[in-house]
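Asker: Take a look at this one; I'll ask things after.
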2 protein chains.
Amino acid sequence: MVYTMKDVANRAGVSAATVSRVLNKTHFISEATSKRVLEAVGELNYYKNIHARRLATGQSDLFGLVISEIANPYFSEVIRGFQAAAWDRGFDVLLLNTEYDPARTQSVIRKLVESDARGVAVMTSSIDDATTSTLTESGVGVVFCNFYSPRKLVSNITINYRRGILEAIQHVAALGHRRAAVIAGPETNGTAMNIRQALLAGLKHKNMAPFPVTHCDYRVDAGASAVRDILSVTDIPTVIFCGSDLIAMGVMSALEEAGVKIPEDVSVVGIDDISFAFLARPPLTTIRVPRELLGVTAFNALDKMLKLKRRLGAKYTLETELAVRASTGPARKRRLAFRSTKSAARSRS
Amino acid sequence: MVYTMKDVANRAGVSAATVSRVLNKTHFISEATSKRVLEAVGELNYYKNIHARRLATGQSDLFGLVISEIANPYFSEVIRGFQAAAWDRGFDVLLLNTEYDPARTQSVIRKLVESDARGVAVMTSSIDDATTSTLTESGVGVVFCNFYSPRKLVSNITINYRRGILEAIQHVAALGHRRAAVIAGPETNGTAMNIRQALLAGLKHKNMAPFPVTHCDYRVDAGASAVRDILSVTDIPTVIFCGSDLIAMGVMSALEEAGVKIPEDVSVVGIDDISFAFLARPPLTTIRVPRELLGVTAFNALDKMLKLKRRLGAKYTLETELAVRASTGPARKRRLAFRSTKSAARSRS
DNA sequence: AAGACGTAAACAATCGCTTGTCTCGCACAC
DNA sequence: GTGTGCGAGACAAGCGATTGTTTACGTCTT
């Protein structure tokens, strides 16, 4: 049996309104009545119906978090930070993943509007303008990562990859590296392109224009074919910059199978510092992105913005830094080349 | 501006009831009217208010998924399977993680009841009886994994670890291994204890009673201290069975730092087959747990159970199987022992 | 002692949607 | 021509909370 506020009211001998006021502390109620009501609540094991509440108040304790892919560990900590921040303030989180599918993104956004979410953090970069305005037009606040500039109901968090990337480049330069390669994330991904640009610019600046520059998917077998390209170069680069740790791990795997030693033959640098970067063999040198902080900042940005009268968005910046581990070492002296790329092309079983 | 059903009704020149019926296809409405309504919906960009709907129907399109920890990749695919199954049927998923905290578990469950969830999949094993009945008493269906037996409103999915474990034991036995060690998950975790039991029983059966048998946390630095224990044994075991892939990866990391070669010196076997098991160096031999299927099955179990008149739960079983990779090899012939355990105790930086 | 005032709680409208029931109008049958 | 049946929609009563307004009852003032 599930009881309603009226049941509680009857049992306590008061009106439903009083029960509501006791529970929400929204009006002064005498100690005695209050106690009686609370007892009744306890005895009936009463739970208020959130939907009725939301309907009556027109407010929905709900925030949305849109990500691309749940299986990507990049998002795990973002989720964690966001949820933690939201729960601390008594809000619920609806987690929605788009699986990189625009149609799905659409329906996910629709769901958010229907659910009357207060705000939404969009942590995926594959979202279009129309979809965004669907949200803002319904009065839902939005915060993006590396995307769009702030305006009414829209905030932005920018991750400053440049700093970490510069550190990384200095690090490898100091180790004597001169020939670099870059394996960036998908060309359709805005953030991946940002990172790519920052890498290319930084390397060029140090007179280390990278070759080759390739792309790969964030998902499966990340980097295997990119590695093939790299190993087919006459004189193989001494260091490879990867657009994400996931890519880097795929790359290390493929390199090792091709008989390339890390870091003796080739150094590898990742981006993100996912927890597995630490457990990788060798532990991955990577550019740390404060992902949990990203989640927390995203929530705070929404919360703050929605409290403003004009609900004007703001811009936040998060810094990155280099985490040096064992996947980078002194540049090799000898020349390294593979006559054939067969061994690299061999697929992992 | 956000419109209501009445606005749509006015614009289409019909009553709100008709709009509702057109939108839900719950009553035959003439083609012409239907079209007019749909047009009005489009013109106003109308979104129905889910809370009002839920209040009116008393049904909530919401399912809950309770996990321990979002950062654990074990859960990622479970989530994915569950969400996919739910969305296919038009249901929403509220993801709740307990962070292994009983208090949090309590409040999470309360939230679920308040939100009037239809069903809840509890994929964490740290939950008590009282909390469970909170759910069932409110008419919320529950499905557990490796926990509780089916009854009204309660279903169970059992993962049959034994089969995969037997395969694994046979595999290492065939490779000549005789001395094994076991590093199980936390003693407070029911599933971890199941696995431990199955391992001990299986090994004993093959006359390979493991030594030592230790425990460790699922979380941080998994296995580092356990490795210390193992390396302090006079004649180090030739194979280590780990209670999860996460532990196995921590263990491999620690072993390698202690100068132990895998699999030449020691073989390692994990459980779960998380995606990183594949990228580990060496790729991890592990017992595959069908996690995405677990998620899907959990949802289906709920869905099915709730459609039953008596809403009686059922029991499902999922099988495991061995995935052989490179972390297991022929047992070493020579004796291996560390005089001091310093190198093993050295913490990773 | 009568009015003013403050406090504590009840009343009742409302949120937006669903759904059982009723009405209206028309076609068909006898 | 009246009765019957039926299709298409309107009406209105909820769902369970919140909240502005009102009421009842003391107490304080003068």
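What follows draws every value from the coordinates through simple rules; no lab data is involved. Keep in mind that this is a model prediction, so the values were computed, not measured. Every residue, glycine among them, receives a Cβ derived from its backbone with ideal geometry; neighbour counts consider all protein chains shown.
Asker: Check residue B:94: other-chain or 5+ apart residues with amide H under 5 Å from its amide H, H built from backbone geometry?
Answerer: Hits under the 5 Å cutoff: B:63, B:64, B:65.
Asker: A further question on this structure: So for chain A, taking the charge dipole from beta-carbon charges (+1 Lys/Arg, -1 Asp/Glu), which of A:58, A:331, A:95 sits furthest toward the positive end?
Answerer: A:331
Asker: May I ask you to evaluate 6.51 cos²θ - 1.76 cosθ + 1.60, the Karplus curve with θ = phi - 60°, for each residue of the range B:127-140 and list the ³J(HN,Hα) values in order in whole Hz, giving x for glycine and proline?
Answerer: 9, 9, 4, 4, 4, 4, 5, 3, 6, 5, 5, 8, x, 8
Asker: Return the FRET efficiency for the residue pair residue A:174, residue A:25: r is the Cβ-Cβ distance, R0 is 56 Å, and the value is rounded to the nearest 0.05. Display every interim value, and only then the final one.
Answerer: Numbers: r = 61 Å, r/R0 = 1.08.
E between residue A:174 and residue A:25, to the nearest 0.05, is 0.40.
Asker: To continue, here is another question. Fewest Cβ neighbours within 10 Å first, please rank B:144, A:211, A:147 accordingly.
Answerer: Working: B:144 26, A:211 14, A:147 21.
With the fewest neighbours first, B:144, A:211, A:147 line up as A:211, A:147, B:144.
Asker: Apply the Karplus curve 6.51 cos²θ - 1.76 cosθ + 1.60, θ = phi - 60°, to the phi angles in the range B:194-202 and return the couplings in whole Hz, x for Gly and Pro.
Answerer: 4, 4, 4, 4, 4, 5, 4, 4, x
Asker: I'd like the orientation of helix B:31-44 relative to chain B: the angle between its Cα long axis and the longest Cα principal axis, in ° from 0 to 90, rounded to 10.
Answerer: Here the helix axis deviates by roughly 70 degrees.
Asker: For chain B, what is the calculated [θ] at 222 nm in deg cm²/dmol (nearest 500), taking -39500 (n - 2.57) for each run of four or more DSSP H residues and dividing by its residue count?
Answerer: Dividing the helical sum by the residues of chain B leaves -13500 deg cm²/dmol.
Asker: Another question, if that's okay. Per residue of A:55-67, count partner chain C-beta atoms within 10 Å of its C-beta, then hand back the mean as an integer.
Answerer: Per-residue shielding by partner chains comes out at 2.
Asker: Next question. Which whole-angstrom value gives the distance between the alpha carbon centres of the range A:273-309 and the range A:1-59?
Answerer: Cα centroid of the range A:273-309 versus Cα centroid of the range A:1-59: 40 Å apart.
Asker: Considering the dipole of the range A:1-132 built from charges on the beta carbon (Lys and Arg +1, Asp and Glu -1) around the Cα centre, which of A:130, A:12, A:107 is farthest to its positive end?
Answerer: Looking along the dipole axis, the top candidate is A:12.
Asker: Follow-up question, since we're still on this one. Suppose a student asked you for the relative contact order of the range A:57-125, using Cα pairs under 8 Å spaced at least 6 residues apart; what percent would you report?
Answerer: Relative contact order comes out at 53 percent.
Asker: Percent antiparallel among DSSP beta bridges with both residues in chain A, to the nearest 5?
Answerer: Values: 5 of 42 bridges.
Close to 10 percent.
Asker: Quick one: net charge around residue B:105, please, counting Lys, Arg +1 and Asp, Glu -1 for every other residue with C-beta under 13 Å from its C-beta.
Answerer: After counting each charged neighbour, the total is -2.
Asker: Near residue A:48, which aspartates and glutamates are there with a Cα under 12 Å away, not counting those fewer than 8 places off in the same chain?
Answerer: Result set, ordered by chain and number: A:7, B:114, B:116.
Asker: Which order results if B:241, B:63 are arranged by neighbouring Cβ count within 10 Å, fewest first? Spell out each step's value before the answer.
Answerer: Working: B:241 31, B:63 28.
Ascending Cβ contact count within 10 Å gives the list B:63, B:241.
Asker: Can you list the lysines whose alpha carbon sits under 19 Å from that of residue A:206, skipping same-chain ones fewer than 8 residues off?
Answerer: Reachable lysines: none.
Asker: Going 7 Å from Cα along the Cα-Cβ axis for the label, what nanometre distances separate residue A:333 from the same residue across the other copies?
Answerer: So the label point of residue A:333 gives 3.8 nm to the other copies.
Asker: Shifting gears a bit: Can you tell me the relative contact order of the range A:5-57? Whole percent, Cα pairs under 8 Å, sequence separation 6 or more. All intermediate terms of the calculation are to be shown ahead of the outcome.
Answerer: Details: 37 pairs, mean separation 18.9, N = 53.
36 percent.
Asker: Let me ask something additional. With both partners inside the range A:110-225, how many of the DSSP beta bridges are antiparallel, as a percent to the nearest 5?
Answerer: Values: 1 of 12 bridges.
Given both bridge residues lie in the range A:110-225, the antiparallel proportion sits at roughly 10 percent.
Asker: Hey, another quick one. Given a 10 angstrom Cα cut-off, can you work out which residue in A:11, A:179, A:281 is the most mobile in a GNM of chain A?
Answerer: A:11
Asker: In sequence order, what are the phi-derived ³J(HN,Hα) couplings for the range B:73-85 according to the Karplus relation 6.51 cos²θ - 1.76 cosθ + 1.60 with θ = phi - 60°, rounded to whole Hz, with x for glycine and proline?
Answerer: x, 3, 7, 3, 6, 4, 4, 4, x, 5, 4, 4, 4
Asker: Rounded to the nearest 5, what is the percent of antiparallel bridges among the DSSP beta bridges in the protein assembly as shown?
Answerer: Values: 10 of 84 bridges.
The antiparallel fraction comes to roughly 10 percent.
Asker: Just counting partner chain Cβ atoms within 10 Å, what average do the residues of peptide B:42-52 show around their Cβ? Write down the numbers at each step before the final one.
Answerer: Numbers: counts 0, 0, 0, 4, 0, 9, 2, 9, 10, 15, 5.
Partner-chain Cβ atoms within 10 Å, mean over residues of B:42-52: 5.
Asker: Okay, moving on. Counting pairs of alpha carbon atoms under 8 Å apart in space and at least six apart in sequence, what relative contact order in percent does chain A give?
Answerer: 18 percent.
Asker: Note down the net charge around residue B:302, summing +1 for each Lys or Arg and -1 for each Asp or Glu among other residues with Cβ under 14 Å from its Cβ. Numbers along the way, then the final one.
Answerer: Numbers: positive: B:89, B:118, B:152, B:304, B:307, B:311, B:315; negative: B:61, B:88, B:92, B:303.
Around residue B:302, the surrounding residues sum to +3.
Asker: Check which residues have an amide H placed less than 5 Å from residue B:183's amide H, if you skip close sequence neighbours.
Answerer: It is B:214, B:241, B:242, B:243, by chain and number.
Asker: While we're here: Within 10 Å of each Cβ of B:102-115, how many other protein chain Cβ atoms are there on average? List each step's numbers first, then the result.
Answerer: Details: counts 0, 0, 1, 0, 0, 1, 1, 0, 1, 5, 1, 6, 7, 8.
If you average over the peptide's residues, the count of other-chain Cβ atoms is 2.
Asker: Just to be sure I understand: chains B and A are related by a rotation, so which residue of B has its Cβ closest to that axis, and how close in Å?
Answerer: Taking the axis that maps B onto A, the answer comes out as B:281, 2.
Asker: Rounding to the nearest 20 debye, state how big the charge dipole of the range A:158-229 is about its Cα centre with +1 on each Lys and Arg Cβ and -1 on each Asp and Glu Cβ. Mind showing how you got there, number by number?
Answerer: Details: 9 positive and 5 negative charges, 64 e Å.
Computed charge dipole of the range A:158-229: roughly 300 debye.
Asker: Kindly flag which residue pairs out of B:6/B:35; A:261/A:333; A:6/B:152 have an alpha-carbon separation exceeding 24 Å in this structure. Write out the running numbers ahead of the final one.
Answerer: On the way: B:6/B:35 17 Å; A:261/A:333 14 Å; A:6/B:152 28 Å.
Table pairs above 24 Å Cα-Cα are A:6/B:152.
Asker: Have a look at A:131, A:214, A:98 and tell me which one the Gaussian network model of chain A (Cα, springs below 10 Å) gives the largest fluctuation.
Answerer: Evaluated over chain A, the most mobile residue of the options is A:131.
Asker: Taking K and R as +1 and D and E as -1, what net charge do the other residues with C-beta under 14 Å from the C-beta of residue A:81 add up to? Spell out each step's value before the answer.
Answerer: Values: positive: A:80, A:89, A:291; negative: A:77, A:88, A:292, A:303, B:69, B:99.
Local charge sum for residue A:81: -3.
Asker: What shape does the protein assembly as shown take by its C-alpha gyration tensor, where a ≥ b ≥ c are the square roots of the eigenvalues and a/c under 1.5 counts as rounded, a/b above b/c as prolate, and the rest as oblate? Intermediate values should be presented prior to the final figure.
Answerer: Working: a/c = 2.17, a/b = 1.41, b/c = 1.54.
Because a/c hits 1.5 or more and a/b fails to exceed b/c, the protein assembly as shown counts as oblate.
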